[in-house]
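Novice: My structure is below; once you've seen it, I'll send some questions.
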Amino acid sequence: MSEQPQRRGVLLVDVGTPASTSVADVRRFLREFLDDRRMLDMPTWARKLLVYGVILPFRPRRAAAAYRKIWGEGGSPLAVHGVALAEEVAARLGGGYCVELGVASGVPSLDAAFEKLEANDVGEIIVVPLLPQYASTGRGVVLERVYGAAGKRWRAPSMSVVSPYYDHPGYITSLAAVARPMIDAFEPDHLLTSFHGVPERDLLRCRREATLCLVKDNCCDVIASENRDCYRAHCFATARALTEALEIDSVRVSVSFQSRLGKTPWIPPDTVDVLPQLFERGVRRIAVACPNFVLDCLETLEEIGIRAREQWRRLGGEAFLLLPCLNSHPTWADTVTSWVRGATRG
């Protein structure tokens, strides 16, 4: 009797989310999230002092209050949407695959995801980072922890990783499929694409010789050998591709960066600063997309959906639309499924 073909594993992976809105769980999540050489690029002693002496005594209570504003009946939006995406992809792939969600910090943990994959006796694992652009503080953190969690297994699995897909047609088509019906109905004056920010030093450490990173205003206008690993350039490439897919005049689309932390210089321009600038230019109806967040989370639902919306109202804006993330949209689930099948054939 011939041996049954071994199932293949799929690991969808994101940065993370706390287990609950309790201060204790949020503190545990922030400790795991921030005490990392990639998240806080500084000497170990300085990072420990900042995390344990400054951040953890005060920030968890404020962060827990913010999470309560967006927490749903099923729990964390990121986890709920991530599990839903895993289920949609699994349904499309069929019984020859086992699909799990894991996060670098919080729950569902990478260790738990690998245990489930191992229990299903999978062979090769295709890792799909839910992070379209490369950043050391995003995809870099996630992959380092994926490799670490895999390496702890007695039977370390064979893995392949889906590359950054910041301008991949499937990703852009999925973004447009989510955005187009809402934009057509809302009829905004302007579309703001708000990406998660990173410190400027993260870009400079990834730059290649002779790059003009952060030297000229147009340094991110094209992807070339000098900036092919540049997160900011990836974000601008995403915005250009989405603008073209939506058939919007480029003068009605802007790029900004959110979620600044600390006093070190972060990549410009800041979303908080761009909103009043757009209002001064006469924009009154604004739509905001967060293309590098694949799953809705605190940064999209609370930072943009609540705080940025309130900022726009105070400025005198007429209307504000937050476009949802890809989440488990059918077109996005189709795209991820096609990548997994392509990786399997490869």
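The values are calculated or read from the model by the stated rules, or taken from the named source; none is laboratory data. As the structure is a prediction and not an experimental result, all values here were calculated from the model. Glycine also receives a Cβ, built like all others from the backbone with ideal geometry; neighbour counts cover every protein chain displayed. Heads up: the accessible areas ignore ligands, DNA and RNA and are worked out on the full protein's heavy atoms, side chains in. Shrake-Rupley method; radii C 1.70, N 1.55, O 1.52, S 1.80 Å.
Novice: Run the helix sum for the chain: -39,500 (n - 2.57) per DSSP H stretch of 4+ residues, divided by residue count, reported at 222 nm to the nearest 500 deg cm²/dmol.
Specialist: Working: 12 runs with 143 residues, N = 346.
Taken over the chain, the calculation gives -13000 deg cm²/dmol.
Novice: Hey, could you get me the Stokes-Einstein D for segment 1-148, Kirkwood radius over alpha-carbon pairs, 4 °C and 1.567 mPa s, rounded to whole µm² s⁻¹?
Specialist: Working: Rh = 16.6 Å.
Roughly 78 µm²/s, to the nearest whole number.
Novice: So how exposed is D121, as accessible area in Å² (1.4 Å probe, rounded to 10)?
Specialist: Around 80 Å² of this residue is reachable by solvent.
Novice: Now for a separate question. If the convex hull of the alpha-carbon atoms of the chain is projected onto planes in all directions, what is the mean projected area in square nanometres? Kindly include the intermediate steps, with their values, before the conclusion.
Specialist: Details: hull surface 76.6 nm².
Average of the hull's projected areas for the chain equals 19.1 nm².
Novice: Ignoring the sites themselves, what is the longest stretch of the chain with no trypsin sites (Lys or Arg not before Pro) in a DSSP loop and at most 12 other beta-carbon atoms within 10 Å? Mind dumping the intermediate values first?
Specialist: Numbers: sites that count: K152, R155, K216, K263, R281.
Between exposed loop sites, the widest span is 1-151.
Novice: For the chain, compute the number of Lys pairs whose alpha carbons are separated by less than 29 Å, excluding pairs fewer than 8 positions apart on the same chain. Don't skip to the answer; put the middle values down first.
Specialist: Working: K48/K152; K48/K263; K69/K263; K116/K152; K216/K263.
The result is 5.
Novice: Please report how far the C-alpha centroid of segment 294-333 lies from that of segment 1-54, rounded to the nearest whole angstrom.
Specialist: Segment 294-333 and segment 1-54 have Cα centres spaced 24 Å from each other.
Novice: Could you work out the relative contact order of segment 1-118, using alpha carbon pairs under 8 angstrom and six or more residues apart, expressed as a whole percent? Walk me through the numbers on the way to the answer.
Specialist: Numbers: 142 pairs, mean separation 49.0, N = 118.
Reported as a whole number, the value is 42 percent.
Novice: Once label points are set 7 Å from the Cα along Cα→Cβ at both N120 and D334, what is their separation, rounded to one decimal in nm?
Specialist: Spacing of the two 7 Å Cα→Cβ label points: 2.3 nm.
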